[in-house]
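One structure is given here, and the rest of the page talks about it.
The values are calculated or read from the model by the stated rules, or taken from the named source; none is laboratory data. All values reported here derive from a predicted model rather than from experimental measurement. So basically every Cβ, Gly included, is an ideal-geometry build from the backbone, and we count neighbours across all protein chains shown. Areas reflect the complete protein model, heavy atoms only, side chains present, ligands, DNA and RNA absent. Shrake-Rupley method; radii C 1.70, N 1.55, O 1.52, S 1.80 Å.
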Amino acid sequence: MRKPNYPHAPIGDLDKLALALHVSKKGLQTVTAQSNDLFFLTRKIKKEDGSYRLTYDAKPSLKSLHGKICEAFLKRVEYPDYLQGSIRKRDYLTDARSHVGSKVLISEDITNFFPSISKKTVHEMWVGVFGFSNIVAECLAELVTMNGDVVQGAKTSSYICNLVLWNREAQLVSQLRKKGLVYTRYVDDITVSSRRSLSKSEKSRIISSIYSMFRSIGAKPNRRKHKIMPRNTQQDVHGVNVNKDRPTMPMEKRNQIRAAVHRCEIAFNGRPSSSEYVSLFNSVMGKVNTMGRMHRSEAGKLKARLLQVKPVIT
């Protein structure tokens, strides 16, 4: 199985790293030394289990470097097809399509994936995937972590999440494919599906191998989100039904979108030029467009109704 591949020459010293990032060596070293203090908290959301999801941003000097790191290195990686999140032309729906029509589907989730990724693991990624020297890997690892961990919200973080399992994950995918199984990962959501029936022991071995991979970087499974979905139950990936030969949006969600279109039609007769109506219209149109990726005809009729009640620009 192909691992993530960086198809360019590795970088061995800080002078060449600064050149690749279009900054001075002194400027690079200054931001690196201050990097922990250049992150700041933007959102704190309480999750169902009582813990909090923390989202961060970076101040301009660090954020600019993060963007350059993405352009110079992270976006240039050739990502294998089993990685589906935060990659151009891949999203939750392409992930769902990988698992349509399966006899059994196994879903796993990583607990607090971003902060569970240590600076040490990121350092190993820069060496293992990119072939960079230890001094370059140390500098980059310091820039993209805060107080020793990856944080959610930084420009670089989703790419790093895709890459930190680079070696063990490729080995696991290869083993599973030899058994006729399909494996994909969408950031912290892992799905394995089979077009044949699986014994209880096979399922246990698959789950055990996934958990072992998590442990290799110090991550833990979210056992509350562990699911095994046989063919005779509703199988879903990211809330999309995959029981049939193509992904479908659940009927309940489609009904909600139809109701939202009706709300637009009613609201249009009130204040069709108000900012509130413009916001409502744009939100509903976005939902209809999402439906159209799975139900073109049904969404087309709803879109035609919406176009009859476009906001009035005064």
Protein accessible area in the chain, 1.4 Å probe - carbon and sulfur %: 50 percent
Counting Lys and Arg as +1 and Asp and Glu as -1, each charge on the Cβ, what is the dipole of the chain about the Cα centre in debye, to the nearest 20? 1180 debye
Which FRET efficiency value, to the nearest 0.05, is calculated for Glu71 and Asn147 with the Förster distance at 30 angstrom and r the Cβ-Cβ distance? 0.70
In the range 32-141, trypsin sites (Lys or Arg not before Pro) in a DSSP loop with at most 13 other beta-carbon atoms within 10 Å: Lys47, Arg88, Lys89
Taking the Cα centre of each part, how many Å lie between the range 1-78 and the range 97-162? 11 Å
Evaluate 2.2 N^0.38 Å with N set to the residue count of the range 244-314, then give the Cα radius of gyration divided by it. 1.15
In deg cm²/dmol, rounded to the nearest 500, the helical mean residue ellipticity at 222 nm of the chain, built from -39500 (n - 2.57) for every DSSP H run of length 4 or more, is -14000 deg cm²/dmol
The chain, accessible area per residue, ligands and nucleic acids excluded (1.4 Å, Å²): 51 Å²
For the range 188-281, count the residues as N, evaluate 2.2 N^0.38 Å, and divide the Cα radius of gyration by that value, please. 1.69
Partner aspartates and glutamates whose C-alpha sits under 16 Å from that of Lys301, ignoring same-chain residues fewer than 8 away, are Glu265
Students often check this: by mean Cβ neighbours within 10 Å, which of 149-160, 4-15 ranks highest, and how do the rest follow? 149-160, 4-15
Taking a threshold of 27 Å on the Cα-Cα distance, which of the pairs Lys3/Lys25; Lys179/Lys244; Lys253/Lys310; Lys75/Lys103; Lys244/Lys310; Lys200/Lys220 fall above it? Lys3/Lys25; Lys75/Lys103; Lys244/Lys310
So how far apart, in nm, are the two label points at Val278 and Ala259 if each is 7 Å from Cα heading toward Cβ? 2.8 nm
Karplus-derived 3J(HN,Hα), 6.51/-1.76/1.60, for each residue of the range 56-72, Hz, glycine and proline x: 10, 10, 10, 5, x, 5, 7, 4, 4, 5, 4, x, 5, 5, 4, 5, 6
Over 10 Å intervals from 0, what percent of Cα-Cα pairs in the chain sits in each interval? 5, 22, 26, 23, 17, 6, 0
Peptides 304-314, 125-135 ordered by average Cβ neighbours within 10 Å, highest first: 125-135, 304-314
Starting from the Cα of Lys16, step 7 Å along the direction of its Cβ; do the same at Asp245; then give the gap between the two resulting points in nm. 5.2 nm
For the range 67-108, what's the radius of gyration and Dmax over Cα atoms, in angstrom? 13.6, 44
Simple Cβ-charge dipole of the range 1-121, Lys/Arg +1 and Asp/Glu -1, about Cα centre, in debye nearest 20: 200 debye
Under the Karplus curve 6.51 cos²θ - 1.76 cosθ + 1.60, θ = phi - 60°, whole-Hz ³J(HN,Hα) for the range 133-146, x wherever Gly or Pro sits: 5, 5, 5, 6, 4, 5, 4, 5, 5, 5, 5, 9, 10, 10
Two-site FRET efficiency, Asp91 against Tyr52, from Cβ-Cβ distance with R₀ of 25 Å, rounded to 0.05: 0.45
Under the rule of at least 5 residues apart or a separate chain, name every residue whose amide H is placed under 5 Å from the amide H of Lys220. Thr111
Name the long-range amide H neighbours of Met146: under 5 Å, sequence gap of 5 or more, or other chain; modelled H, no Pro or chain starts. Val151
On a straight-distance basis, which lysines could pair with Lys26 in a cross-link, Cα separation under 16 angstrom, same-chain partners fewer than 8 positions away excluded? Lys16
Tell me, what HN-Hα J-couplings in whole Hz come from the Karplus equation 6.51 cos²θ - 1.76 cosθ + 1.60 at θ = phi - 60° for each residue of the range 275-287, using x for Gly and Pro? 5, 5, 5, 4, 5, 4, 4, 5, 5, 5, 4, x, 5
